[in-house]
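The values are calculated or read from the model by the stated rules, or taken from the named source; none is laboratory data. Bear in mind the structure is a predicted one, so any value in this text is a computation, not a measurement. Here the Cβ positions follow ideal geometry from the backbone for every residue, glycine too, while neighbour counts run over all protein chains shown.
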Amino acid sequence: ALARLKGALVISVDLSDERLEYAKDFGADYTINASKESDQVAAVKELTKDKKGVDVAVDATGIPKVWEMTILMGRKGATINLFGGCVSGTSVNIDTQLLHYSELTIKGVYHHTPYYVKKAFDLITSRQIDTVKFITADMPLEKLVSALELMGQQKGIKYNITT
């Protein structure tokens, strides 16, 4: 949704057709189901203007293999945003020649920093982002465990817990 606000071409990659449908609702121009595509990096590059990769890539999974693929999706000069945190002690492999000669910028971003909280708050309060789209369902507090299980199964996006 944020990239769409900036006028970017948005390509979303996920394992779930359901989540890819949400991505389309949020403004994705293209979606790729990673479970059905053997080479996700090539599939993403194929959708870019000159087939050399994306200007900005964001990983929100926190899965090391996906971090590595996300880096490979960037074109020369790309910014790679590794938003999904990995488990403590996790390592990833990066081709240092690719990093150096492609002049990639790799950034780690933690979403609870005051700067990003304020940015999110401003987008929500100015109604530039429709937060209702993010809520898959309202569930009573008694169904909290069910909501967490659904999220663990990657069903839906977010659940609004009510009392």
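Checking the condition crowded, with 17+ Cβ neighbours inside 10 Å and not in a loop (DSSP other than H, G, I, E, B), which residue from ALA23, ALA28 passes? From the options ALA23, ALA28, the qualifying one is ALA23.
Just so you know, in the stretch 50-105 the residues that are of a type in the set (S, T, N, Q) and within 13 Å of the chain's Cα centre (by Cα) include one that is nearest to LYS6 (Cα to Cα), and it is ASN81. Just one of the listed residues (VAL54, VAL66, VAL44, VAL58) is in contact with a Phe, Trp or Tyr (Cβ under 6 Å, 6 or more places away or on another chain) and among the β-branched types (Val, Ile, Thr), and it is VAL58. Among the residues making up the stretch 35-48, those that are under 18 Å from the mean Cα position of the chain (by Cα) and either surrounded by 17 or more Cβ atoms within 10 Å (Cβ to Cβ) or among the polar types (S, T, N, Q) (or both) are SER35, GLN40, VAL41, ALA43, VAL44, LYS45, THR48. Here ASP55 meets each of (1) in a loop (DSSP other than H, G, I, E, B); (2) of a type in the set (Asp, Glu); (3) closer than 20 Å to ILE11 by Cα with one exception, condition (1). Would the stretch 104-116 turn up any residue that is at positive phi and either assigned by TED's automatic domain parsing to the domain that holds ALA34 or in a loop (DSSP other than H, G, I, E, B) (or both)? There is no residue in the stretch 104-116 that is at positive phi and either assigned by TED's automatic domain parsing to the domain that holds ALA34 or in a loop (DSSP other than H, G, I, E, B) (or both).
Each row is one residue, and each column tells you yes or no for (1) without any contact (Cβ under 8 Å) to a residue 24 or more places away in the chain; (2) of a type outside the set (Gly, Ala, Ser); (3) surrounded by fewer than 11 Cβ atoms within 10 Å (Cβ to Cβ).
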position: ILE63; (1), (2), (3): yes, yes, no
position: GLY85; (1), (2), (3): no, no, no
position: ASN93; (1), (2), (3): no, yes, yes
position: SER102; (1), (2), (3): no, no, no
position: PHE121; (1), (2), (3): yes, yes, yes
position: VAL132; (1), (2), (3): yes, yes, yes
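Of all residues in the stretch 68-86, those that are of a type outside the set (A, V, I, L, M), modelled with pLDDT of 95 or more and not in a strand (DSSP E or B) total 2. For the stretch 120-134, the set of residues classified as within 15 Å of PHE26 (Cβ to Cβ), part of a helix (DSSP H, G or I) and not hydroxyl-bearing (Ser, Thr, Tyr) consists of ALA120, LEU123, ILE124, VAL132, LYS133, PHE134, listed by residue number.
When restricted to residues that are surrounded by fewer than 14 Cβ atoms within 10 Å (Cβ to Cβ) and either in the same structural domain as SER16 (by TED's automatic domain parsing) or farther than 8 Å from THR136 by Cβ (or both), the stretch 147-163 contains 8.
Residues that are part of a helix (DSSP H, G or I) and either touching a residue at least 40 places away in the same chain (Cβ under 8 Å) or within 18 Å of the chain's Cα centre (by Cα) (or both) do occur in the stretch 135-155.
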